[in-house]
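Take a look at the structure set out below.
Please treat every number below as a calculation from the coordinates, not as lab data. Note that the structure is a prediction, hence the values are computed from the model and not measured. Every residue, glycine as well, gets a Cβ built from its backbone with ideal geometry; the counts of neighbours run over all protein chains shown.
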Amino acid sequence: MTGPRWCVLFAFGLVALGGPAVAADPDADPFADNACVQCHRDLPGRSSAIVELEWARSSHHAAGVGCDACHGGNAAVRRDRFDSDEAWKDAAHQRRDPEFMFMQRSADAFASSARGRNVSYFCGKCHANIKEKHLGSPHGEFGDPTCLYCHGQGSHAITEPTLDIIDGRSRAEGGRCSVCHLASTMNTLSRIKKTLTETEERIEDTTILYDELGQWGYHSLELERLYHDARQVRSRLRQVFHSFDMREINNFVAEIEMTVDRTVATHEIIGRLRAAQRRQAVIGGLVAVMLLAFALLLVYYRLAFCSGHGGDQAAAPVAEG
C-alpha cells in the first residue's frame, strides 16, 4: 500500500490511538489546574506563604496531595467559567471541611479551630493505622503533641517521615521532644529510636543476602513477606512506634529479627553447601584429569613398549630362516 491512501490510513491510526506519544514535561506544574493552589499563590502574606514556602516543599506536594485533599472544597472549578473572582472563590469553597476551613485571624497569622485529638482524626482520614496507634498512646490521650507538631513543625511543611523526627537533643540544644519529656522518658525515647534504627539497618543489610539467595535459586515465602515488602514493613514498624508501647514495639521487632536471623542462617547454610559443591566439582575435575592422564599413559605404554616388543618377536624367525 503506497501513496496518499497509506498516508491517510496512518494519520487515522494516530488519531484513533490518541496521537503520537509525547513525553511528559518533567517541569510541568501538576497543580496547574488546581483552583485552590492557583488562587492562594496570588494572595498576599501568609496565604501565599502557606502554598509557596510550606506546602510546595512538603511530602504532600511530592505525593500529589493538594489543598482540597485535606481541607475539602472543589479544586476543579475554572476561573474562565465565572463572571468574577468572588464567584470563582465561592464555588471552590463549596464542600470544604468546616473545621479546617474555619480560620481565626490573629495578627498576621491564621490558625485553624482544630485542636488536640481532632487533628489526629483529621489526618487519620488518610493515615488510619497511624491514627489508631497515636490515639491509643500518651500523646493521643493528652491530645498533644499533634501530628503537625512532629511532622510539620506546626505548619503545612509536612516532611518525609524519617527516624530523625525522634529528636533526642536536650531542650538547650533545641530538641523538640525534650520540651515535654523529662530525662527518664527521654532515655526511653532514645532506646526506642536505637531499636528502630538497628532493625531497619538489619533489614537493609540482609536484603543483599536475600537477593543473593534468589540468584542461587532459593525461594521462601516467609522471607519474601519481609523483603519483597521491605518498605511496607519499615512503614508498619514506624506506625507501631506511634503507640509508644514498648511491648508492642519489641514484639514486632522480635518478629522481624526472627526472619532476619533465619535469612542469615539460610544464607550461611546454602553458602556452605555451594562451597562444598564447588569443592566436589574441583575434586571431581581433578580426578577426571588424573584418570584421563593415566589412560593416556597406558595407551602410550602400549604403543611404545608392547607393540615394539611384539614386533621383535615376529621378526626373529625370519632372520633364522
- For the stretch 28-104, what is the charge dipole size about the Cα centre, in debye to the nearest 20, if Lys and Arg each add +1 at the Cβ and Asp and Glu each add -1 at the Cβ? 100 debye
- At q = 0.11, 0.23 Å⁻¹, what log₁₀ I(q)/I(0) does a Debye calculation on the Cα points of the stretch 185-295 give, no solvent, two decimals? -0.49, -1.19
- List the residues whose amide H sits under 5 Å from the amide H of residue 72, counting only those 5 or more places along or on another chain, with H placed 1.01 Å from N in the peptide plane. 97
- Task: Taking the dipole about the Cα centre of the stretch 185-295, with the C-beta of Lys and Arg at +1 and of Asp and Glu at -1, give me whichever of 294, 273, 219 is farthest to the positive side.
- Result: 294
- Message: Within a 10 angstrom radius of the beta carbon, how do 142, 252 rank from fewest other beta carbons to most?
- Response: 142, 252
- Item | Total charge dipole magnitude, the stretch 129-266, about the Cα centre, Cβ charges on Lys, Arg, Asp, Glu only, Debye to nearest 20 | 500 debye
- Message: At a 10 Å Cβ-Cβ cut-off, how would you order 216, 88, fewest neighbours first?
- Response: 216, 88
- Message: So if I take the alpha carbon set of the stretch 28-104, get Rg, then get Rh from the Kirkwood formula, what is the Rg over Rh ratio?
- Response: 0.94
- Could you order peptides 245-251, 64-70 by the average number of other Cβ atoms within 10 Å of their residues, highest first? 64-70, 245-251
- Note on the structure: Expressed in angstrom and rounded, the centroid-to-centroid distance over alpha carbons for the stretch 127-152 and the stretch 157-206 is 16 Å
- What span do the alpha-carbon atoms of the stretch 196-248 cover on each of the three principal axes, reported in whole Å from largest to smallest? 40, 19, 17
- In debye, nearest 20: dipole of the stretch 185-295 around its Cα centre with unit charges on the Cβ of K, R (+) and D, E (-)? 160 debye
